[in-house]
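The values are calculated or read from the model by the stated rules, or taken from the named source; none is laboratory data. Note that the coordinates shown come from a computational prediction; the quantities given were computed from them, not determined experimentally. Because the Cβ atoms are built from the backbone with ideal geometry, glycine has one as well, and the counts that use them run over all protein chains shown.
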2 protein chains.
Amino acid sequence: MATLTTKTGQVVDRSILESLLRRRLFYFPAFEVYGGVSGLYDYGPPGCALQANIIDLWRKHFILEEDMLEVDTTMLTPHEVLKTSGHVDKFADWMCKDPKTGEIFRADHLVEEVLEARLRGDKEARGQQVQVDEEKEAKKKKKAKDTKAVKLDDAVVAEYEEVLAQIDNYDGEGLAELIKKYDIRNPRTDGPVLPPVAFNLMFQTSIGPSSNMPGYLRPETAQGQFLSFQKLLDFNQQQMPFASASIGKSFRNEISPRSGLLRVREFLMAEIEHFVDPEGGKKHPRFHEVQDEVLSLLSRDVQLSGSTQTEDMTIGKAVSTGLVDNETLGYFLARIQMFLLKIGVDRSKLRFRQHMLNEMAHYAADCWDAELLTSYGWIECVGCADRSAYDLTVHKNKTGAPLVVRETRAEPLKVEEWQIDIDKKKFGPRFKKDGKTVEAAIEALSQDLREKLALDLEKDGKIEIDVEGVGSGKVELDKDLIKIEKRTRIEHVREYTPNVIEPSFGIGRILYSLLEHSYWSRPEDEARGVLSFPPAVAPTKVLLVPLSNHESFRPLCQRLSMKLRRAGIASKVDDSSASIGKRYARNDELGTPFGITVDFQSVKDNTFTLRDRDTTKQVRASEEEILQAIKSLVDGEETWEDVRKRLPEFTGQELD
Amino acid sequence: MATLTTKTGQVVDRSILESLLRRRLFYFPAFEVYGGVSGLYDYGPPGCALQANIIDLWRKHFILEEDMLEVDTTMLTPHEVLKTSGHVDKFADWMCKDPKTGEIFRADHLVEEVLEARLRGDKEARGQQVQVDEEKEAKKKKKAKDTKAVKLDDAVVAEYEEVLAQIDNYDGEGLAELIKKYDIRNPRTDGPVLPPVAFNLMFQTSIGPSSNMPGYLRPETAQGQFLSFQKLLDFNQQQMPFASASIGKSFRNEISPRSGLLRVREFLMAEIEHFVDPEGGKKHPRFHEVQDEVLSLLSRDVQLSGSTQTEDMTIGKAVSTGLVDNETLGYFLARIQMFLLKIGVDRSKLRFRQHMLNEMAHYAADCWDAELLTSYGWIECVGCADRSAYDLTVHKNKTGAPLVVRETRAEPLKVEEWQIDIDKKKFGPRFKKDGKTVEAAIEALSQDLREKLALDLEKDGKIEIDVEGVGSGKVELDKDLIKIEKRTRIEHVREYTPNVIEPSFGIGRILYSLLEHSYWSRPEDEARGVLSFPPAVAPTKVLLVPLSNHESFRPLCQRLSMKLRRAGIASKVDDSSASIGKRYARNDELGTPFGITVDFQSVKDNTFTLRDRDTTKQVRASEEEILQAIKSLVDGEETWEDVRKRLPEFTGQELD
């Protein structure tokens, strides 16, 4: 991989950026005075404002622009809901325990760490230079035994490299085999580890005073939206398609979080669930508006061939060639890109990667991730999946709730189908409280299965069907209870379960990537970092800098503050005793795009200088002109270049 | 209590309002298709927008206006933090179990329910009319045995009434006595209940893969702010006073939640921690700006006298007479009122109630609640407490972190004091990992105690001090380890722990109260409800209503939508086939303040009618004039009366 550079071509040094972010209180480890808890971070004022501004733009770009129905649903979630959604059984990572020390490792990370160490040892033994990932190295210095310079067979090296390339694809059994085959041990003590066991990543708790209602903190906001589907459809006056959206925290009990904000236990998500009719090719009425947007795509086929070469392509072409499954999915990919660019993501560090077939949930039709390039590599920041009808179907089957759309047909439809009649009188007494569940399971039987069951019922006088959660999971039904017949039905109303296209944004990951993409330092002084946020997301838009503590500056600063506040523009006064240059340098690190200097000239004639963060150029004009220029810069109606051309340049002031 | 009425003098009927809120999807029970979980609610689109607008105004009114430092801290909180803050030991309610049925009751609610039932039975027996709280009655019909008409002695009636009046003041022992004395039983089965036990109201979970890091979901956002104090003070360049603020969810595992949004298990809070120097009377530099604000105050003394009569008083007078403890507390009370009125709270249903001494935490200096009158009675919606230096002190003592302010003295100070010297060489090896804790405990010893300990050390050659969490909780220190001497010190730097004034807002409670305060129905048709939100908080500001589905209206609606969106004004188009009157009625229930009708005249001459929700009056003018009027109405620069006077009235259209 090529060295990662800033917009200005400087090499990205993560440790310098991290020290800036800490110093300026963008974010920091939570509970630090208590020693901290890994995977938990707090946002200080600039991080908090940056996050709020990203969310505000997100809301405007998606919810307002597309009339989405925003909901705010509960984080605490009862067991049953997440059992149905599959999270109780499948939302897990594999962990290994060292029985002697009690240490717990995430199995894939352990394999990775050990094999990488061996490959490094091999390189050393061969006298090659070892590429050092500083963070990893620093950790190892503290904890692990030194890498041993041991030469490996070429074949072993190739094997290790292949394993590492697809480490994400191993399940528990696969990881257990690797650990056995390669004798993977605790790198700290060299002691053996137990075989991997599944560790569910949801935080568990108990709702209410007795412990009989287990619950979890939600792992995604999506389920709350699915459960409200029927209500939202009503609210939308039965009109399809429509989207719901939700912004809120979700939780993931990571085994051993690392990589700062990129892998945390509590995180802000913004998720859209776009409900669409599965028939008619999932067209989107506004697709033509985005069809010329060029995306950098990394397709499944290219990845299969072992390459990571992206291809630039209009989304129109990607959909028409079938690379992207349908217009609705394509529409959202384009809109996601437009959003990311709007908040300041570097276009050259953005790609859309298609999921491999084994990465996708079995029900998904297609899935693309918007990935951002950071010093940690390419990071998934937005997932955009076609979840098909999976979630609505499982909840409908479990609860019997009508999570469907009913649409009057223009022309009635004749349907030949296998129908099942239930003898309600006998059914109730027979199944009692399980009745609804059994009925839902019968309702959910496919036509093919019904045909087969009809024959069995005819032959044996009884059939057996699967009903999860009732008795042994199998329920016997005899001729007295049900009847299965092929009949013709005239369908006036079409009933269908919508498919769901889900763009899902990890706000913390986007925020961190944006920090990396925005960072550079003044070529004349490396210690002077700058965060070049676009004005719309910058935590503070304007810094007000009085030349000194002189009394006469105060009313001017107050008046400017008040006028900016009325215009809805966030500003700060820095009247500390540091030099003007120092004060501006501090605010370059905070990403404040504009500065107004208040000096003795200002007191005399009410003119002010306006400074641009990125160029450090200044103009000077009347109060009214300066405020108007700021408003138009913040609203994105003018660029600094526009302003600089029309207002007189100012060069008089020494800034350092 | 007088009957609760709407702004228009109608009697508030909660069941009608609740049905409206459900129908219009303001909020609804979470997980309803799974049977729901009590105390958990989801917000639908209008509720979500209302909440977002309240938060937006809150942020402008408090954070931006006062340059507060906003932080976003973690909900998951390790045990140790909440142990120190006192929540692990004291954040509990008392619960009683029926050993036979397994039912669990909140002890005070149980006593209340049973005694109230007996008082009702007494009234019935005396042939008096029983005042019926419909909700309670409905519940009882389902669950409880019928009230028995049994006459009680007059003395018993008086006793019951006294108990009920102060039911909030009983602790576990007190409740146990009541249950025994009055033979309180399970009202459903008449079976006995066990004595009350404390139930901690925090949701517990486990952080990380091993179960050795217990944690909780935070019960308030405050602790995260306290722990960041040092960082925030640095960020603020050591300037005092300053405030931090945080908006986020907190959790409370209620034993048996009831009263809808007023008592829930997961709720949005907005909390301010204003850090102030305890010396100098806690003056506030902007107090003069608010001193003439008149508040309706219910003082501690009046409550003690058995009355609930409020007194209207300027906050200036309340502070100068000492009724409100200090300027900073008074400043925030006034600002809280201004905020509540701004979002549309009914001034006649707002009061500030001072906490009784036994209601306050032992460390609090003073505490006032902003209470809003609803159909459930007066509800605490904002608490405003002076938490003194309690929280910073306990965290400092526990961790040794310097959660203090250090200020250079204008003139050095001579201090006579007892100093303790520690022999670091012996201290480390003696206490090992506990060293820091023991040292912090020594540091925290008061001057009085030091004097006594100096004598003991002199006499016995050793002393014993309390150190929580180390060994048995007692640590012995001998002459070799420490020395205690009275010395004179010249203090150039003053070090102090700031006091904290904490305005804490329950957003859900405010939102629900606001819904009640905003609701009324058209006098000519009771079924037509209206929610009269101020434009600033209304979920949608403008409804666009084309006269019919006619093609020619569509481009006009689209253009108006786009122009409103650009102006940052949320609008909706309703082009359903319902009559104009029905569409407006629907949006009166959603609280949409303005409506634009698009008709054939609009197509011809680009004029539109603008309708006001509250008066249903309309004006007609050009597109530009209408849009300008809406902008100025939403920004609060003009009232409808202003607009109506300057634009031509329109009466032509039939709305029903």
(message) Tell me whether the stretch A:87-94 contains one or more residues that are facing chain B (nearest Cβ under 9 Å), over 30 Å from B:Thr399 (Cβ atoms) and of a type in the set (Val, Ile, Thr).
(response) no
(message) Looking at the stretch B:28-40 only, could you name the residues that are more than 7 Å from chain A (Cβ to nearest Cβ) and over 13 Å from A:Leu232 (Cβ atoms)?
(response) B:Pro29, B:Gly35, B:Gly36, B:Ser38, B:Gly39
(request) From the list B:Ile490, B:Ile507, B:Ile569, B:Ile501, pick out the single residue that is closer than 30 Å to B:Lys396 by Cα, of a type outside the set (D, E, K, R) and either within 29 Å of the chain's Cα centre (by Cα) or crowded, with 20+ Cβ neighbours inside 10 Å (or both). (result) B:Ile501
(request) Please work out if B:Gln225 is closer than 22 Å to B:Tyr331 by Cα and assigned by the TED database to the domain that holds B:Arg335. (result) yes
(request) Could you please give the count of residues in the stretch B:1-17 that are among the charged types (D, E, K, R) and not in a loop (DSSP other than H, G, I, E, B)? (result) 1
(request) May I ask you to say which residue of A:Gln230, A:Gln238 is closer than 22 Å to A:Gly400 by Cα, in the same structural domain as A:Thr374 (by the TED database) and not in a helix (DSSP H, G or I)? (result) A:Gln238
(request) Output the residue which, of all residues in the stretch A:346-392 that are over 15 Å from the mean Cα position of the chain (by Cα) and among the hydrophobic types (A, V, I, L, M, F, W, C), is surrounded by the fewest Cβ atoms within 10 Å (Cβ to Cβ). (result) A:Leu357
(message) Being crowded, with 19+ Cβ neighbours inside 10 Å and of a type in the set (A, V, I, L, M) narrows it down to one residue among A:Leu194, A:Leu178; which is it?
(response) A:Leu178
(request) Give the residue that is surrounded by the most Cβ atoms within 10 Å (Cβ to Cβ), with candidates limited to residues of the stretch B:406-460 that are free of Cβ contacts under 8 Å to residues at least 24 places away in the same chain and basic (Lys, Arg). (result) B:Lys452
(message) I need a count of the residues in the stretch B:597-620 that are under 18 Å from B:Val530 (Cα atoms) and either among the acidic types (Asp, Glu) or assigned to a strand (DSSP E or B) (or both).
(response) 5
(message) Can you say whether A:Arg258 is touching a Gly at 6+ places or on another chain (Cβ under 9 Å), at pLDDT 95 or above and either over 30 Å from A:Phe31 (Cα atoms) or among the charged types (D, E, K, R) (or both), as far as the supplied structure shows?
(response) no
(message) So, in the stretch A:393-439, exactly how many residues are under 43 Å from the mean Cα position of the chain (by Cα) and either of a type in the set (Gly, Ala, Ser) or on the phi > 0 side of the Ramachandran plot (or both)?
(response) 4
(request) For the stretch B:603-656, enumerate the residues that are under 41 Å from the mean Cα position of the chain (by Cα) and on the phi > 0 side of the Ramachandran plot. (result) B:Thr616, B:Gly636
(message) Quick check on my filter: what residues within the stretch B:285-315 are surrounded by fewer than 12 Cβ atoms within 10 Å (Cβ to Cβ) and among the acidic types (Asp, Glu)?
(response) B:Asp292, B:Asp301, B:Asp312
(request) For B:Ile465, work out the one condition from (1) surrounded by 13 or more Cβ atoms within 10 Å (Cβ to Cβ); (2) over 44 Å from the mean Cα position of the chain (by Cα); (3) of a type outside the set (Lys, Arg) it doesn't fulfil. (result) (2)
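Results for (1) surrounded by 23 or more Cβ atoms within 10 Å (Cβ to Cβ); (2) in contact (Cβ under 8 Å) with a residue 40 or more places away in the chain; (3) within 30 Å of A:Pro196 (Cβ to Cβ), shown as yes or no for each residue.
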site: A:Thr221; (1), (2), (3): yes, yes, yes
site: A:Met240; (1), (2), (3): no, yes, no
site: A:Ser246; (1), (2), (3): yes, yes, no
site: A:Arg252; (1), (2), (3): no, yes, yes
site: A:Ser256; (1), (2), (3): no, yes, yes
site: A:Ser259; (1), (2), (3): no, yes, yes
site: A:Leu262; (1), (2), (3): no, yes, yes
site: A:Asp277; (1), (2), (3): no, yes, no
site: A:Gly280; (1), (2), (3): no, no, no
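The rows are residues; the columns are (1) farther than 30 Å from B:Val493 by Cβ; (2) of a type in the set (Gly, Ala, Ser); (3) in contact with a strand residue (DSSP E or B) (Cβ under 6 Å, 6 or more places away or on another chain).
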| position | (1), (2), (3) |
| --- | --- |
| B:Phe332 | no, no, yes |
| B:Arg353 | yes, no, yes |
| B:His395 | no, no, no |
| B:Lys398 | no, no, no |
(request) Kindly indicate whether A:Leu25 is within 11 Å of another protein chain (Cβ to nearest Cβ) and buried (at least 18 other Cβ atoms within 10 Å of the Cβ). (result) yes
(request) May I ask you to list the residues in the stretch B:231-279 that are of a type in the set (Ser, Thr, Tyr), under 20 Å from A:Thr77 (Cα atoms) and within 10 Å of chain A (Cβ to nearest Cβ)? (result) B:Ser256
(message) The conditions are (1) in contact with a strand residue (DSSP E or B) (Cβ under 8 Å, 6 or more places away or on another chain); (2) within 30 Å of A:Trp640 (Cβ to Cβ), and A:Ile501 fails exactly one of them. Which is it?
(response) (2)
(request) Take the residues in the stretch A:241-255 that are charged (D, E, K, R) and in a loop (DSSP other than H, G, I, E, B), then tell me which one is nearest to the chain's Cα centre (by Cα). (result) A:Arg252
(request) Within the stretch B:282-323, work out how many residues are in a loop (DSSP other than H, G, I, E, B) and not aliphatic (A, V, I, L, M). (result) 17
